[in-house]
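Take a look at the structure below.
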Amino acid sequence: MTRRDPQTQTDRSRRADRTRPRPPVERDGRLLEPVGLAMATALVALLVGGLLNANGMHKNASIQPDSPARDIAMSLTQGLVDITGALGLSEPRHLIAGLVGNGSKDDVVATVGLTPVKRHAPTPPVKQAFSPANKLQLYAGGDSLSLETAAALSAAAPSTRVIQMAEPDGHLNTGLERPDVLNWFERAKEVQATVKPNVSVLIFGGNDNADYMTGGANGDFSKPFGSPAWEREYRRRVALMMDTMTQTRGQTLIWVGAPVAQDPALDAQMKVLNRIYRLEAAKRAGQVTYLDPDPIFAPAGKFQTSITYQGKQVVVREPDGQHLNTDGGVVLADVILKMLEKRFSLREASPLPPITTGG
Amino acid sequence: MLFPTFIFTVFFLIVWPLNWVLMRHPSRWRVLMLVSGYVFYSWWDWRFAFLLAASTLANQMFAVQISRTQDAHRRKLILIAAVAANLGVLAWFKYFNFFVTSAANLLGDLGVSWLAPTVTTVLPVGISFFTFMALSYVIDAYRGTFKPTSLMRFAVFLSFFPHIVAGPIVRPAELVPQFDEPRDPRRIDGTRAFFLIAGGLFKKVVISAYMASIADPIFASPGTHSALQVIVGIFAYTIQIYADFSGYTDMAIGLALLMGFEFPQNFNRPYSALGLRDFWRRWHMTLSRWLRDYLYIPLGGNRKGPSRTSVNLLMTMVLGGLWHGAAWTFLAWGTLHGVGLVTEHRLASRRERQGRDGWMPSWLVKSSTLVFVATAWVFFRATSFGNVFDVIGQVFSGWGTPGRASLGAVAVIAGMIAIQQLPSDFGKRAMAAFSRVHWAAQGLALGVTLLVIGALSPAGVAPFIYFQF
């Protein structure tokens, strides 16, 4: 077996390189560069960008679903945060974000900062009256399951002339389990301070089927989904939200359950959540109404993609088999508006104008 | 896997050097590209990989059969089968519910009661893009403009990760020959690549996200906003969709450049267009030329007289509208552009016959084109025709509704439109100057750009608008 002389091999490759045509040095006035230099430039950019954005990276890591990957990302980014904090490198990001009024973007408030509210007696069965001069303040929010319904309510509200709808407040990838991702308990306090809704519509459940919760009484909390300990903690959160959104006499909350899901395993989890919502709402009858979406979207008792609405066949579900689509949101909003019409005296808006789907 | 994410950064930092290391070993390089393309694509849903593989195998079979067959009639039959198969798959995933419920409701209006079967199928990401690329491979084989390559090369072409989910819609003749010729690692256009990636990232995660925060509430409830706010909302969406889509394709072109490959340009300052024909030469350019070469020209183009030209233009734009999604509003958007193009075409022909020039100054042509395009975007963005009429109606009736437009939004919209009016060599000069800076200083400048993007962006990455198409 013969061994090649490394020197000869290098000479050969040098000769081969010499025989290749020299590539152009410039294009459109730009200097072209060896790929190695481009890689070095990219690495410097990522290093500098990573250090200067360490706080943001740490927050992004912390709001991931609970997993070993999250733990690793948290540890790595915590190291970066410590270094940049000591060197003062986190300040530029804070300053720039502050310029656009978002200086607290990296803050994580993971506590369930609501205290139990003393419940008042249910409102006497007298129809509250609203008029164009005294509009019903409506608020709708929740996780991704709420997006289409909140948007449809918002679109329909002006034509009623008696309902004033706050900006739709649906947020993807959020829920009551993870206040570190979006703190709904703080958000409820803000809504009560700013919107002061007569009626609130909340829809949750899409992301609340995990074992892991942040913001437990003793820090983070992980018990099997649906277990008694898990249910105790989740019920506490639901109860706090319900009581906070109805803390003023006369305030009403419509809590919409998660619609039937196509995947049986997911649907079983949604049923666990819906049972909790229904039970907690029943304890607050008169102030909180649980709206079961299944009779609307699963009239045959099982998942279906389309329903007949106003005499037309309408596709109401997203292809993921879980969320309502735009038309599904319109249908649910229509049901909610009819509930309001029944419950309150809505002068100059009776009957409420029909809202139509896109199909 | 989305480009502006940590996981993609890690993925690219592995694939990028390997791409160059294996470049001189074509067969190993092709394996790397195929694996990386499928890993990238499967990140959304591993089941989609089977669809991509099936599309690759089927279209390779069609193209090879066409090239081996001499009989013209048989070649045509194979082509028809290929087009039907590709469009059939697209129709199943994208249009089935739309067509069957539309048919059921039409029958219902005629007194025939029929509950159509509907399905819940998740739309495979990028299906419209890779289906169009696969179709151009088969059609080019039929036309004899591109000889079918090996299955492996075609599979690499179709699954090449920079373009697979949202284009640009690259032709086989543009990319496959580049795969066969090893790229030279001594001279790559790094500066242009970094500009495209950083600029695309800024457009996507800062501009598009900010514009969405202005446009979304206005489209959700136009009736609660003043006319001025609604006008700003319409223009905010006009900027959002440009920043979102062009931002993505800029990143795709930049990433391909870092790997040594050139993609065709996809956007060229579209809001500086002088008329609709000019707009479509500047907006989603690779789709425009696909529709021109594979739909408009085969329909007869402008070779069969003015009336037929108008019909062909209209059909092309209506189908182009439908390509974007299964909704009547997309169809209306395409029709609106089709009617606009036909009108413009006819007026231009008449002026040519009469030997006259256009009487409008260019600033007025640009402005009216922009207003037309922005108005048409209302159909594209709206959730229903009711929503379209609410938005446009509020522009006329909402002057008494209180509400001030956001000055920040107006400034960003004006800035984004103004940038597109700059001479085209402005960016070239900036890149030329940047390329002469020391590499470490370049890295530092790009790192600071990442800081600005990170600090100004909202948390998380919003989905790209064009992924749903």
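The values are calculated or read from the model by the stated rules, or taken from the named source; none is laboratory data. Owing to the predicted nature of the structure, the values given are computational and were not obtained by experimental measurement. Here Cβ is always computed from backbone atoms with ideal geometry, including for glycine, and neighbour counts include all displayed protein chains.
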Please pick out the residue among B:ALA116, B:ALA53, B:ALA81, B:ALA103 that is small (Gly, Ala, Ser), over 30 Å from A:HIS323 (Cβ atoms) and assigned by TED's automatic domain parsing to the domain that holds B:MET133. B:ALA81
Kindly indicate whether A:VAL35 is at negative phi, facing chain B (nearest Cβ under 7 Å), touching a Pro at 6+ places or on another chain (Cβ under 6 Å) and at pLDDT 85 or above. yes
Among helices (runs of 4 or more DSSP H) entirely inside the stretch B:264-364, those with 2 or more residues being of a type in the set (Gly, Ala, Ser) and over 22 Å from B:VAL83 (Cα atoms) are B:305-324, B:328-354
Tabulated pairs, the stretch B:422-448, first under 14 Å from B:LEU196 (Cα atoms), second acidic (Asp, Glu) and crowded, with 16+ Cβ neighbours inside 10 Å, C-beta under 8 angstrom, 6+ apart or interchain: B:SER435/A:GLU33
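This table checks each residue for (1) within 14 Å of chain A (Cβ to nearest Cβ); (2) closer than 18 Å to B:THR149 by Cβ; (3) modelled with pLDDT under 95; (4) outside any helix (DSSP H, G or I).
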site	(1), (2), (3), (4)
B:ARG28	no, yes, yes, no
B:SER67	no, yes, yes, no
B:LYS76	no, no, yes, no
B:GLY88	no, no, yes, no
B:ASN97	yes, no, yes, no
B:VAL100	yes, no, yes, no
Quick check: is even one residue across the stretch B:164-182 part of a helix (DSSP H, G or I), touching a helix residue (DSSP H, G or I) at 6+ places or on another chain (Cβ under 6 Å), farther than 30 Å from B:SER406 by Cα and among the small types (Gly, Ala, Ser)? no
Taking the stretch A:290-324 only, how many residues are under 11 Å from A:VAL260 (Cα atoms) and part of a loop (DSSP other than H, G, I, E, B)? 12
What do you reckon, is B:VAL391 under 19 Å from B:ILE241 (Cβ atoms) and either within 11 Å of chain A (Cβ to nearest Cβ) or part of a loop (DSSP other than H, G, I, E, B) (or both)? yes
Run down B:SER150, B:SER159, B:SER136, B:SER208 and say which single residue is in contact with a helix residue (DSSP H, G or I) (Cβ under 9 Å, 6 or more places away or on another chain) and free of Cβ contacts under 8 Å to residues at least 12 places away in the same chain. B:SER150
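Yes or no, residue by residue, for (1) at pLDDT 85 or above; (2) over 30 Å from B:VAL412 (Cα atoms); (3) at the interface with chain B (Cβ under 9 Å from one of its Cβ atoms); (4) in a helix (DSSP H, G or I):
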position: A:LEU47; (1), (2), (3), (4): yes, no, yes, yes
position: A:LEU51; (1), (2), (3), (4): yes, no, yes, yes
position: A:HIS58; (1), (2), (3), (4): yes, no, no, yes
position: A:ILE72; (1), (2), (3), (4): yes, yes, no, yes
position: A:LEU80; (1), (2), (3), (4): yes, yes, no, yes
position: A:ALA86; (1), (2), (3), (4): yes, yes, no, yes
position: A:ARG93; (1), (2), (3), (4): yes, no, yes, yes
position: A:LYS105; (1), (2), (3), (4): no, no, yes, no
Flagged in the stretch A:279-289 as part of a helix (DSSP H, G or I) and of a type in the set (Lys, Arg), in numbering order, are A:LYS283
Test B:ARG381 against the stated conditions and say whether it is free of Cβ contacts under 8 Å to residues at least 24 places away in the same chain, surrounded by 15 or more Cβ atoms within 10 Å (Cβ to Cβ), assigned by TED's automatic domain parsing to the domain that holds B:VAL232 and under 20 Å from the mean Cα position of the chain (by Cα). no
Failed condition for B:MET431, given (1) over 30 Å from A:ALA151 (Cβ atoms); (2) outside any helix (DSSP H, G or I): (2)
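Does B:ALA49 satisfy the criteria of being of a type in the set (A, V, I, L, M), touching a helix residue (DSSP H, G or I) at 6+ places or on another chain (Cβ under 9 Å) and either surrounded by 18 or more Cβ atoms within 10 Å (Cβ to Cβ) or more than 14 Å from every other protein chain (Cβ to nearest Cβ) (or both)?
Here the answer is yes, as B:ALA49 does meet what is asked.
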Among the residues of the stretch A:308-321, how many are modelled with pLDDT of 90 or more and either surrounded by fewer than 19 Cβ atoms within 10 Å (Cβ to Cβ) or more than 9 Å from chain B (Cβ to nearest Cβ) (or both)? 1
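Could you please let me know if A:LYS342 is in a helix (DSSP H, G or I), at pLDDT below 90 and more than 9 Å from every other protein chain (Cβ to nearest Cβ)?
yes
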Filter the stretch B:164-189 for residues that are within 14 Å of chain A (Cβ to nearest Cβ) and either under 26 Å from B:SER246 (Cβ atoms) or surrounded by fewer than 17 Cβ atoms within 10 Å (Cβ to Cβ) (or both) and give the result. B:GLU181, B:PRO182, B:ARG183, B:ARG186, B:ILE188, B:ASP189
Being without any contact (Cβ under 8 Å) to a residue 12 or more places away in the chain, within 12 Å of chain B (Cβ to nearest Cβ) and assigned to a loop (DSSP other than H, G, I, E, B) is the filter here, so list the residues in the stretch A:60-70 that pass it. A:GLN64
Report yes if some residue within the stretch B:403-412 is surrounded by 13 or more Cβ atoms within 10 Å (Cβ to Cβ), within 10 Å of another protein chain (Cβ to nearest Cβ) and among the small types (Gly, Ala, Ser); otherwise report no. no
Conditions first: (1) facing another protein chain (nearest Cβ under 7 Å); (2) at pLDDT 90 or above; (3) under 26 Å from the mean Cα position of the chain (by Cα). B:LEU444 passes all but one, so which condition is the exception? (3)
Qualifying residues in the stretch A:172-191 (those that are touching a residue at least 24 places away in the same chain (Cβ under 8 Å) and either of a type in the set (S, T, N, Q) or at the interface with chain B (Cβ under 10 Å from one of its Cβ atoms) (or both)) - the one surrounded by the fewest Cβ atoms within 10 Å (Cβ to Cβ): A:LEU172
For the structure I just gave you, tell me whether A:ASP327 is more than 29 Å from A:ALA239 (Cβ to Cβ), in a helix (DSSP H, G or I) and within 14 Å of chain B (Cβ to nearest Cβ). yes
Options B:ALA252, B:ALA256; residue that is over 12 Å from the mean Cα position of the chain (by Cα) and under 24 Å from B:VAL165 (Cβ atoms): B:ALA256
